[in-house]
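*Asks:* A single structure is presented below for examination.
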Amino acid sequence: MPTLLLSANDLRSLYSVDLGLNAVERAFRAHGQGEALMPSKVYLSLPKYDGDFRAMPAFLDGAAGVKWVNAHPRNPEKHQLPTVRAVYVLSDPETASPLAIMDGTLLTAWRTGAAGGVASKYLARSKPRTLGLVGCGVQARVLIDAHRALFEGLELLLADASPAAAQALQKEKGGRVVSLQEASGADIVCTSTPVRSPVVKREWIRAGTHINAMGADAPGKQELDPRILLDGRIFIDDEDQALHSGEVNVPLHDGQLRKEQIAGTLGEVVAGKKKGRQGDEITIFDSTGLAVQDVALAKGLYEVARAKGVGQLFDLVGSG
């Protein structure tokens, strides 16, 4: 069976926000129902190179795959390369044949943005008026796209430690460049920064706000004042990952937060096992990124590619 090679340009011609949202919502539901297989991601830390690699395998809905992805925060300044780069291998679970090898960098960005959108669909108030972006990098762009597909008329409030980054995002997506405090006062707040000490203060968050905390993906990282977690209802994407490396990891380690204060997983909400928003409470989605999201989206992109004849087929492993 030949393997399909899909470049970043190929994926751009195949992807739609609706495809991403549907795939990721399906992944959350399957995860919440216990229908997916997802071993914990494996970290390969390389302090010498100021970064790490992660291997993320999963099985869902008749497809298996693994993502080999990095996090090198100094890549832009040292090598003029993106912080995150990834490759995805999609396999036939019955024959073990590699169905496709595709760019995983766009895949990661798209499914992360879609995850924030799905979280807001289930946890935000029904008619939000403002979307605050704390951090105006790659993730902010896909988060904006996902939310605009779900909610009409959102005003964008853009904040970043780099004024140039915020202005570049404004030029591309519209909205207003504002202070960190004003962005944090939006109806939906999406944080996507690499910080290791909180940048969003409790007093800035209003009743009824939903927060997508997307930046904490390794031990020691946190973006939110722990008081926000104590005053809100917290939903995580996966217990093992969140307790190890999510927004809750530092407050749990420091004894400021107890595991019992976590309301559940977003998958349980999507699957109807747990209630989502209740009144004017503050809700928080702690996103670490799930391998089941990757495999669901990779499968969707592969199917569209085959239907459209996009990509290059080649013999990778042979049949002997």
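*Asks:* Criterion first (at pLDDT 95 or above, assigned to a helix (DSSP H, G or I) and either among the hydroxyl-bearing types (Ser, Thr, Tyr) or within 28 Å of residue 45 (Cα to Cα) (or both)) does residue 230 satisfy it?
*Replies:* Against the criterion (at pLDDT 95 or above, assigned to a helix (DSSP H, G or I) and either among the hydroxyl-bearing types (Ser, Thr, Tyr) or within 28 Å of residue 45 (Cα to Cα) (or both)), residue 230 does not qualify.
*Asks:* Out of all the residues in the range 148-173, which are touching a strand residue (DSSP E or B) at 6+ places or on another chain (Cβ under 6 Å) and outside any helix (DSSP H, G or I)?
*Replies:* If the condition is that a residue be touching a strand residue (DSSP E or B) at 6+ places or on another chain (Cβ under 6 Å) and outside any helix (DSSP H, G or I), then 154, 155, 156, 157, 158, 159 are the ones that fit.
*Asks:* Which of the numbered conditions does residue 136 fail, given that it passes all the others? Conditions: (1) in a loop (DSSP other than H, G, I, E, B); (2) more than 30 Å from residue 175 (Cα to Cα); (3) touching a helix residue (DSSP H, G or I) at 6+ places or on another chain (Cβ under 8 Å).
*Replies:* Going through the list (1) in a loop (DSSP other than H, G, I, E, B); (2) more than 30 Å from residue 175 (Cα to Cα); (3) touching a helix residue (DSSP H, G or I) at 6+ places or on another chain (Cβ under 8 Å), residue 136 breaks only (2).
*Asks:* I would also like to ask the following. Looking for something touching a strand residue (DSSP E or B) at 6+ places or on another chain (Cβ under 7 Å) and open to solvent by 50 Å² or more (accessible area, probe 1.4 Å) - is there at least one such residue anywhere in the range 219-234?
*Replies:* Within the range 219-234, one or more residues are touching a strand residue (DSSP E or B) at 6+ places or on another chain (Cβ under 7 Å) and open to solvent by 50 Å² or more (accessible area, probe 1.4 Å).
*Asks:* Which one of these is under 23 Å from residue 15 (Cα atoms) and of a type in the set (A, V, I, L, M): 84, 134?
*Replies:* 84
*Asks:* Answer yes if at least one residue in the range 91-103 is farther than 19 Å from residue 221 by Cβ and free of Cβ contacts under 8 Å to residues at least 12 places away in the same chain, and no otherwise.
*Replies:* yes
*Asks:* Next up: Restricting attention to the range 143-163, and to residues there that are touching a residue at least 60 places away in the same chain (Cβ under 8 Å) and crowded, with 22+ Cβ neighbours inside 10 Å, which single residue is nearest to the chain's Cα centre (by Cα)?
*Replies:* The residue in question is 143.
*Asks:* Within the range 205-225, can one find any residue that is part of a helix (DSSP H, G or I), in contact (Cβ under 8 Å) with a residue 24 or more places away in the chain and of a type outside the set (Gly, Ala, Ser)?
*Replies:* no
*Asks:* Step by step: first the residues of the range 291-320, then only those that are modelled with pLDDT of 95 or more and in a loop (DSSP other than H, G, I, E, B), then the one that is surrounded by the fewest Cβ atoms within 10 Å (Cβ to Cβ). Which residue is that?
*Replies:* This residue is 309.
*Asks:* Further, regarding this structure: Failed condition for residue 261, given (1) under 17 Å from residue 31 (Cα atoms); (2) open to solvent by 60 Å² or more (accessible area, probe 1.4 Å); (3) modelled with pLDDT of 95 or more, with all others met?
*Replies:* (1)
*Asks:* Restricting attention to the range 245-281, and to residues there that are assigned to a strand (DSSP E or B) and under 23 Å from residue 220 (Cβ atoms), which single residue is farthest from the chain's Cα centre (by Cα)?
*Replies:* Top of the filtered list is 262.
The values are calculated or read from the model by the stated rules, or taken from the named source; none is laboratory data. As the structure is a computational prediction, the values presented were derived from the model and not from experiment. Every residue, glycine among them, receives a Cβ derived from its backbone with ideal geometry; neighbour counts consider all protein chains shown. The protein model used for the area step is the full one, side chains on, heavy atoms only, and it has no ligands, DNA or RNA in it. Shrake-Rupley method; radii C 1.70, N 1.55, O 1.52, S 1.80 Å.
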